[in-house]
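Report on the following structure.
The values are calculated or read from the model by the stated rules, or taken from the named source; none is laboratory data. From a predicted model like this one, the values you see are computed outputs, not experimental measurements. Cβ sites come from the backbone with ideal geometry, for glycine too, and all protein chains shown count toward neighbours. Side chains are part of the model used for accessible areas, which takes the heavy atoms of the whole protein and leaves out ligands, DNA and RNA. Shrake-Rupley method; radii C 1.70, N 1.55, O 1.52, S 1.80 Å.
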Amino acid sequence: MEKKAVGFYTAVFYKGEIRMGYPVMLNIANQHVVVIGGGKVAERKIHGLLEAKANITVVAPTITSGIQQLEAAGKLIWRQKTFSPDDLEEAWVVIAATNNRDVNEAVAKAAKPYQLINIADDPERSNFHVPAVIRRGRLTIAISTGGASPTIAQQIRRQLEELYDDDYGRYIDFLYQCRQWILRNVHDEQKRKKLFKAIADESFRKRGNWVEDLKHLLRQIDK
């Protein structure tokens, strides 16, 4: 048993240098995304892609009732077939989300070097990972374990959801509008910096009277 344990730990934990991902926010609005698979995993991926306004094609012999509803509503295109390499033509992003490792492997082999590909059950064959995400208006928080444990990523997401609630999203939207107004109307750079710092302070957010407090700040800064 001890030899087996040593072999296991050696195989799992001593695989050389860890490859760190480069975090980005990818704009896929109106871009062609192909999802291979029609099960629950594929459905979860699709909902995230729809939030990002992607043009989605699903390739699968069968699909969940949820995906059927999306297809009926014109939210995506469904090709009712098994996967073939030509399904990836013109795709910018490819997601293999079937429960068949042979199919997922075929998708990985068919993808072109310039395509972004995520293999749901094989992070090592993917060139990007889909993080756990919190959205609060303009605020997006992404949590990733680099494919090590999606369960841990979801646990952290739930913890952060309590910290950054819907009210925080409204605050971020308010900050965006303030920033645009200040950039247009406050020409003194030092005054701008003071305003940006003041409205981003946690005490400002917690008071909740954002518009009135901003008016007060503007009066104070013009003195």
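Assuming a viscosity of 0.692 mPa s and a temperature of 37 °C, what translational diffusion coefficient in µm² per second does Stokes-Einstein assign to the range 32-130, Rh being the Kirkwood radius over Cα pairs?
Working: Rh = 13.1 Å.
Value of D from the Cα-based Kirkwood radius: 251 µm²/s.
Per residue, how much accessible surface does the range 32-130 expose to a 1.4 Å probe? Answer in Å², no decimals.
Details: 5320 Å² over 99 residues.
Accessible area per residue: 54 Å².
Which residue, chosen from Val41, Tyr176, Phe83, occupies the Cα position most advanced towards the positive end of the dipole of the chain, where the dipole is computed from +1 (Lys, Arg) and -1 (Asp, Glu) charges on Cβ about the Cα centre?
With unit charges placed on the Cβ atoms, the residue in question is Tyr176.
What is the diffusion coefficient of the chain in µm²/s, taking the Kirkwood radius over Cα pairs and the Stokes-Einstein relation at 4 °C with a viscosity of 1.567 mPa s?
Details: Rh = 20.9 Å.
For these conditions, the coefficient is 62 µm²/s.
Could you please state how large a percent of the accessible area of the chain is carbon and sulfur, counting protein chains only and using a 1.4 Å probe? Each step should come with its number before you reach the end.
Values: 7950 of 15240 Å².
So the carbon and sulfur contribution to the accessible surface is 52 percent.
What residues qualify as long-range amide H neighbours of Trp78, i.e. H under 5 Å apart, gap of 5 or more or another chain, H built at 1.01 Å from N?
Val58
Output the Cα-based Rg and Dmax of the range 136-194 in Å, rounding Rg to one decimal and Dmax to a whole number.
Expressed in Å, the Cα Rg and Dmax of the range 136-194 come to 16.7, 48.
Taking a threshold of 26 Å on the Cα-Cα distance, which of the pairs Lys40/Lys109; Lys53/Lys193; Lys53/Lys194; Lys53/Lys191; Lys45/Lys112 fall above it?
Working: Lys40/Lys109 24 Å; Lys53/Lys193 34 Å; Lys53/Lys194 36 Å; Lys53/Lys191 38 Å; Lys45/Lys112 21 Å.
From Lys40/Lys109; Lys53/Lys193; Lys53/Lys194; Lys53/Lys191; Lys45/Lys112, over 26 Å: Lys53/Lys193; Lys53/Lys194; Lys53/Lys191.
What are the ³J(HN,Hα) values, in whole Hz, obtained from phi via the Karplus relation 6.51 cos²θ - 1.76 cosθ + 1.60 with θ = phi - 60°, for each residue of the range 160-172 in sequence order, with x given for Gly and Pro?
Calculated HN-Hα couplings, in order: 6, 4, 6, 6, 10, 8, 4, 4, 5, x, 5, 5, 4 Hz.
At a Förster radius of 45 Å, what calculated FRET efficiency corresponds to the Cβ-Cβ distance of Glu105 and Leu160, to the nearest 0.05?
The calculated FRET efficiency here is 0.85.
Just need the relative contact order of the chain here, percent rounded to a whole number, with Cα pairs under 8 Å and 6+ apart. Please report the intermediate quantities before stating the final value.
Values: 259 pairs, mean separation 26.4, N = 223.
Across the chain, relative contact order equals 12 percent.
Taking the square root of 5 times each eigenvalue of the Cα gyration tensor, what semi-axes in Å does the equivalent ellipsoid of the range 166-222 have, largest first?
19, 12, 9
Only four residue types carry charge here, +1 at the Cβ of Lys and Arg and -1 at the Cβ of Asp and Glu. Report the dipole size of the range 101-177 about the Cα centre in Debye, rounded to the nearest 20.
Working: 10 positive and 11 negative charges, 51 e Å.
In total the dipole reaches around 240 debye.
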